[in-house]
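Take a look at the structure below.
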Amino acid sequence: MTINNELLEKLQKQFAFELESGYIYLDYAGYAADRDMNGISHFFIEQAKEEYEHAMKFFDYLNEIGHRVEFPVINGSKAEFETFTELFEAALAHEKEVTRRIHELMDIAVANKDYPTMDFLNWFITEQREEEDSFNGLVAKFKGINEKFQGLYLLDKELSYRE
Ligand code: FEO
C-alpha cells in the first residue's frame, strides 16, 4: 500500500512511543513498589502491558502495509514525585500527549484520504478517550484523599484488582 511519507514516519515513531510509554509506566510501578504500594505498582505494570499491546498494533499494521518496522533507541525513565497525586497527574499528562500524537496521525491520514489508516487509528481515538477518562478519575480520587494513609491504603487495594 502506498502511504504518505510523513504519515509513515509518524506511525513508526508512534510504535516506539507506545513502547516508551510502557517503559515509563514500568518505572512508575517501580516507584510505587519502592514505597510499598503494591496495588498501585500492579496497576502500572498492567498499564505497561497494555502499552506493549498498543505498540504491537502499530507493529502489525506497519507489516500489513508492507513496511519494515524501525527500532529507535528508547529513552530511559526515572521519575520522582512528592505525592501519589503527582504520580497520577504525570500519567494523565502522558496520556494527553499520546492523544495529541494520535490526533495528529489522524489529521495527516484524513488530509491524505488514507482510509485504511483512518480505520486503523479509530481504535486508538476511542482508547485514548477511555485512558484520559480513567486517569482523570484517579487523579480526582488521589486529590480527594489528600495523601492520608487510610485513603491511600484503600486506593492501593482498589488498584490491586486491575486485570
Ligand atoms: Fe498507548 Fe496509554 O497510550
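Ordered by residue, what ³J(HN,Hα) values in Hz, to whole numbers, does segment 31-42 give under the Karplus form 6.51 cos²θ - 1.76 cosθ + 1.60, where θ = phi - 60° and Gly and Pro are x?
With coefficients 6.51, -1.76 and 1.60, one gets 4, 5, 4, 4, 9, 6, 9, 6, x, 5, 4, 4 Hz.
Could you order 68, 101, 162, 35 so the one with the most accessible surface comes first? Probe is 1.4 Å.
On the way: 68 195, 101 75, 162 50, 35 95 Å².
The ordering from most to least exposed comes out as 68, 35, 101, 162.
At 222 nm, what helix-only mean residue ellipticity would the chain give, in deg cm²/dmol to the nearest 500, using -39500 (n - 2.57) for each DSSP H run of four or more?
-27500 deg cm²/dmol
If Lys and Arg each add +1 and Asp and Glu each add -1, what is the summed charge of the other residues whose beta carbon sits under 14 Å from the beta carbon of residue 160?
-3
With +1 on each Lys and Arg Cβ and -1 on each Asp and Glu Cβ, and nothing else charged, work out how big the dipole of segment 1-66 is about its Cα centre, in Debye to the nearest 20.
60 debye
Using Cα springs under 10 Å in a Gaussian network model of the chain, which residue among 128, 12, 150 shows the largest mean-square fluctuation?
Top of the fluctuation ranking is 150.
Over segment 17-163, average the accessible area per residue using a 1.4 Å probe and give it in Å², no decimals.
56 Å²
Subtracting the Cα-Cα distance from 0.36 nm times the residue separation, let me have the gained length for residue 70 to residue 126 in nm, one decimal.
Result for the pair: 17.6 nm of gain on full extension.
With 24 Å as the limit, write out which pairs from 49/96; 10/113; 13/78; 57/78; 57/96 have Cα-Cα distances beyond it, or answer none.
57/78
Using Cα pairs under 8 angstrom and six or more residues apart, how large is the relative contact order of the chain, in percent?
30 percent
Per the 1.4 Å probe, what fraction of the accessible area of segment 1-147, in percent, lies on carbon and sulfur atoms?
Carbon-and-sulfur percentage of accessible area, whole number: 50.
At 7 Å along the Cα-to-beta-carbon direction for both residue 154 and residue 33, put a label point, then send me their distance in nm to one decimal.
Going by the 7 Å Cα→Cβ label model, 2.8 nm.
Show me the GluC sites (Glu not before Pro) within segment 28-116 that DSSP assigns to loop and that have at most 13 other Cβ atoms within 10 Å of their Cβ.
Hits after loop and neighbour filter: 70, 80, 82.
Counting pairs of Cα atoms in the chain, how many percent are more than 27 Å apart?
The proportion of pairs with Cα distances above 27 Å equals 30 percent.
Restricting attention to segment 92-163, which chymotrypsin sites (Phe, Trp or Tyr not before Pro) occupy a DSSP loop and are surrounded by at most 16 other Cβ atoms within 10 Å? Numbers along the way, then the final one.
Numbers: sites: 120, 123, 124, 135, 142, 149, 153, 161; in loops: 161.
Listed in order of number, the matching sites are 161.
What number comes out for the charge environment of residue 81, summing +1 per Lys or Arg and -1 per Asp or Glu over other residues with Cβ under 10 Å away?
-3
Ranked by accessible surface with a 1.4 Å probe, highest first, in what order do 73, 110 come?
73, 110
I need the calculated FRET efficiency for the pair residue 93 and residue 5, taking r as the beta carbon distance and R₀ as 22 Å, to the nearest 0.05. Working shown, then result.
Working: r = 30 Å, r/R0 = 1.36.
With a Förster radius of 22 Å, E is 0.15.
Can you tell me the 0 to 90 degree angle between the C-alpha axis of helix 84-111 and the longest principal axis of the chain, rounded to 10?
So the inclination is approximately 10 degrees.
The values are calculated or read from the model by the stated rules, or taken from the named source; none is laboratory data. Just so we're clear, the structure is a prediction, and the values are computed from it rather than from any experiment. Reconstructed Cβ throughout: ideal geometry from the backbone, glycine too, with neighbour counts over all protein chains shown. Calculation scope for accessible area: heavy atoms of the full protein, side chains included, ligands and nucleic acids excluded. Shrake-Rupley method; radii C 1.70, N 1.55, O 1.52, S 1.80 Å.
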